[in-house]
Amino acid sequence: MRLYCATSNPGKLREFRLAAGGGWEFVPLAGAQPCEETGETFEDNAIQKAVYYSRHAPGLLFAEDSGLEVGALGGSPGVRSARFAGEGAGDEANNRLLIERLRGATNRAARYVCVIALAREGKPLRTFRGEVEGQITDEPRGANGFGYDPYFFYPPFGITFAEAAPDRKLEVSHRGRALRQMFAWLKESRGDSQSPPTGRT
Ligand code: ITT
């Protein structure tokens, strides 16, 4: 089944592609102007992106909004994870700021959140949420993944997400969990009818 996806983040796209299998074909949407992200929640932003980009796609499209919530920072950077150190800031600057803000903090608890929204022709269909809990380390470790992964220690594996093989990260990650829910829902709704029903979680 062909599924359009919209993201400007190559790290996300690599993970979407890795997760695809069993007859799913992800087609990255090209050419649309970037969508604004003005929501205060992952759900709002995911829907905003999916609705906007689906107007430029000839079929079912998904977009996602994701980020890191850090307990000692009151849930920051949250929906501002991509631009924590400022508009257009890269991973390095965002990570530097994160570690600076956490200097001396004993509570290192954090979680990644991913909300995927599906839409067709400008209409939202459904959202799917995945989360994963971890700890923020002081020193970066590993070269896989992207974003905050070198600092995101995952206790059940005993390594950071940047040290985990990409398929191993996807088994437990926020994105992997949300993607599997979407696949299951699409498979189920395809069995019922040719087009997925409307409605949101
Ligand atoms: P699109 O909106 O175009 O998809 P984006 O990078 O702007 O790309 P978001 O607004 O959803 O996407 O921001 C997500 C940020 O959260 C991302 O840039 C990373 O800083 C962080 N993040 C999310 N998932 C991550 C992961 O699996 N590993 C590391 N960092 C992650």
>> For the condition part of a loop (DSSP other than H, G, I, E, B) and either over 18 Å from Leu186 (Cβ atoms) or within 12 Å of the ligand (Cβ to nearest atom) (or both), what is the one hit in Arg103, Arg96?
In response: Arg103
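One residue is enough: does segment 127-136 have a residue meeting the conditions free of Cβ contacts under 8 Å to residues at least 60 places away in the same chain and in contact with a Ser or Thr (Cβ under 6 Å, 6 or more places away or on another chain)?
At the first step, the residues of segment 127-136 found to be free of Cβ contacts under 8 Å to residues at least 60 places away in the same chain are 130-135.
Next, only the ones that are in contact with a Ser or Thr (Cβ under 6 Å, 6 or more places away or on another chain) stay: 132.
Scanning segment 127-136 turns up at least one residue that is free of Cβ contacts under 8 Å to residues at least 60 places away in the same chain and in contact with a Ser or Thr (Cβ under 6 Å, 6 or more places away or on another chain).
Among the residues of segment 106-115, is there at least one that is over 26 Å from Phe183 (Cα atoms), β-branched (Val, Ile, Thr) and surrounded by fewer than 23 Cβ atoms within 10 Å (Cβ to Cβ)?
Scanning segment 106-115, I find at least one residue that is over 26 Å from Phe183 (Cα atoms), β-branched (Val, Ile, Thr) and surrounded by fewer than 23 Cβ atoms within 10 Å (Cβ to Cβ), so the answer is yes.
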>> Checking the conditions here, which among Tyr53, Tyr4 is in a helix (DSSP H, G or I), touching a strand residue (DSSP E or B) at 6+ places or on another chain (Cβ under 9 Å) and closer than 20 Å to Lys123 by Cα?
In response: Tyr53
> Tally time: how many residues in segment 122-179 are over 18 Å from Asn95 (Cβ atoms), in contact with a Gly (Cβ under 8 Å, 6 or more places away or on another chain) and among the charged types (D, E, K, R)?
Replying inline: 3
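Conditions tested, residue by residue: (1) in a strand (DSSP E or B); (2) surrounded by fewer than 23 Cβ atoms within 10 Å (Cβ to Cβ); (3) modelled with pLDDT of 95 or more; (4) within 13 Å of the ligand (Cβ to nearest atom).
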{"residue": "Pro124", "(1), (2), (3), (4)": "yes, yes, yes, no"}
{"residue": "Gly130", "(1), (2), (3), (4)": "yes, yes, yes, yes"}
{"residue": "Glu133", "(1), (2), (3), (4)": "yes, yes, yes, no"}
{"residue": "Glu139", "(1), (2), (3), (4)": "no, yes, yes, no"}
{"residue": "Gly142", "(1), (2), (3), (4)": "no, yes, yes, yes"}
>> Exactly one condition in (1) within 11 Å of the ligand (Cβ to nearest atom); (2) crowded, with 20+ Cβ neighbours inside 10 Å is false for Ala57; which is it?
In response: (1)
> Within segment 140-185, which residues are touching a residue at least 60 places away in the same chain (Cβ under 8 Å) and either aliphatic (A, V, I, L, M) or out of contact with any strand residue (DSSP E or B) (no Cβ under 9 Å at 6 or more places or on another chain) (or both)?
Replying inline: Phe146, Pro166, Asp167, Leu170, Ala178, Leu179, Met182, Phe183
> Do the conditions hold for Ser66, that is, is it within 12 Å of the ligand (Cβ to nearest atom) and polar (S, T, N, Q)?
Replying inline: yes
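State yes or no: is Glu69 acidic (Asp, Glu) and touching a Cys at 6+ places or on another chain (Cβ under 9 Å)?
Considered against the rule, which asks whether it is acidic (Asp, Glu) and touching a Cys at 6+ places or on another chain (Cβ under 9 Å), Glu69 comes out as no.
The values are calculated or read from the model by the stated rules, or taken from the named source; none is laboratory data. Only a predicted model underlies this, so the values are computations on that prediction, with no experimental measurement involved. Because the Cβ atoms are built from the backbone with ideal geometry, glycine has one as well, and the counts that use them run over all protein chains shown.
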